[in-house]
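Taking it in order: structure first as structure tokens, then the write-up.
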Amino acid sequence: MTLLAYCKDKLLLLLGTWTATAAVFLYLLLCGLTMDQCGLLLTAWMVGFLAAFGSGWYRRKKYFAQLFQTLEQLEKPYLLGELMPESVSLEDRLYREALRQSNRSVLDTVHHLETEHTEYKEFIESWIHEAKVPLTTLQLLCDNHRTEETRRILEQVEQLNLVVEKALYYARSDAVYKDYLIRKLPLRETVLHAVYHCQSMFRKNHMRIDLEIPEDTTVYSDGKWLEFMLGQVFVNAVKYRGEGAGLVRIYCLPVETGVCLAVEDHGVGIPAEELGRIFDKGFTGTNGRGTDNGDGIGATGFGLYLCRKLCRKLSMTIRAESVRGEYTRMLFSFPDGSSLFAREATTPCRNVTETPNLSEL
């Protein structure tokens, strides 16, 4: 709060004071006091008034500076009424009490909404886990009775699994800390497991996988979440593969710190003007509008959005490079976990008893 702003706020007081001062000055002259005597009395009066006025400005400035500092430090600004600094001003105390009464209503509403949101998320997670049971049973039945018909059913089951998992990870994305474990992972093995989960989709669309990751490459991340993010990138690589058989190259790029994993496809590519928006929630772009490219899953604009959100939670980064009609390259950058995470034990990836072989795809 500047002095000029305070003066504007107190303009009526200042005008009244100066008017009263001029009237007193004339009255004293009419009473027979000399000009010097009147000037001395009025000077003493004005010095006292200006001192009180300046002191009032300083106290208000200090009070509001403390108030806004408290507001900036609050994670939930609507709690300001409970933490407002004490003030001798009656006006401040009345405002504080009004804010407190208003905030009680806000807090009740927020608590109600949070409870509903939590219950809804818990229901969605429970429903997803229940839906996975028949899907897993269907997958086992198809695996045990391999025919052309069951192969087609298996492809649809795989697609359903991808959609159901996307819903599950989206429901959990705001509370990743409850469901992740950072460990030292063998990158090649993790990528192979992600490929394994999408094998039917790759086979159906005649996609070839070119894996160029050294056996000894390790990263610090959560295997389950990393497999999910890679799966979303694989889905996009198949969905926008272009004409004929496609190729997905998976390799590491040299970086100064950590590891950078590249997933590159030679599909339709992304228009340059849309490249900066592909991680926005709900953005489908030119490629995703009005078509599912024959894979049975239309663009939703949530896959890459989830990838970026989860990467931030895991101290990773994801970015994209693309040339329209030539290639799209997704780059996952992993931090140097040796200084961030204490656990060094290597953990195997989930749901697969042995490392898949690319020749089986």
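No lab work stands behind these numbers, since they all come straight from the coordinates. Bear in mind the structure is a predicted one, so any value in this text is a computation, not a measurement. Methodologically, a virtual Cβ is constructed for each residue, glycine included, from the backbone with ideal geometry; neighbour enumeration extends over all protein chains shown.
A few notes on this one:
- Any hit, region 86-99, residues being in contact with a Gly (Cβ under 6 Å, 6 or more places away or on another chain) and more than 30 Å from Ala171 (Cβ to Cβ): yes
- Those residues of region 235-264 which are under 13 Å from His206 (Cβ atoms) and in contact with a helix residue (DSSP H, G or I) (Cβ under 6 Å, 6 or more places away or on another chain), in sequence order: Val238, Val248
- Filtered by the rule that a residue be buried (at least 20 other Cβ atoms within 10 Å of the Cβ) and without any contact (Cβ under 8 Å) to a residue 60 or more places away in the chain, region 231-246 gives Phe234, Val238, Arg241.
- Among the residues of region 229-252, those that are aliphatic (A, V, I, L, M), touching a strand residue (DSSP E or B) at 6+ places or on another chain (Cβ under 9 Å) and under 25 Å from Phe334 (Cα atoms) comprise Met229, Leu230, Val233, Ala237, Val238, Leu247, Val248, Ile250.
- For region 209-230, filtering for residues that are in contact with a Gly (Cβ under 7 Å, 6 or more places away or on another chain) and either free of Cβ contacts under 8 Å to residues at least 60 places away in the same chain or among the basic types (Lys, Arg) (or both) leaves 0.
- Residues in region 78-103 that are surrounded by 12 or more Cβ atoms within 10 Å (Cβ to Cβ) and over 17 Å from Tyr63 (Cα atoms): Tyr78, Leu79, Arg100, Ser102, Asn103.
- For region 205-226, filtering for residues that are outside any strand (DSSP E or B) and among the small types (Gly, Ala, Ser) leaves 1.
- Pairs where the first residue, in region 46-70, is of a type in the set (Val, Ile, Thr) and the second is surrounded by 14 or more Cβ atoms within 10 Å (Cβ to Cβ) and part of a helix (DSSP H, G or I), C-beta under 7 Å, 6+ apart: Thr70/Leu80
Conditions tested, residue by residue: (1) under 13 Å from Ile318 (Cα atoms); (2) free of Cβ contacts under 8 Å to residues at least 40 places away in the same chain; (3) in a helix (DSSP H, G or I); (4) not basic (Lys, Arg).
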| position | (1), (2), (3), (4) |
| --- | --- |
| Glu256 | no, yes, no, yes |
| Cys260 | yes, no, no, yes |
| Val263 | yes, no, no, yes |
| Gly267 | no, no, no, yes |
| Ile270 | no, no, no, yes |
| Glu273 | no, yes, yes, yes |
| Gly276 | yes, yes, yes, yes |
| Asp280 | yes, yes, no, yes |
| Phe283 | no, yes, no, yes |
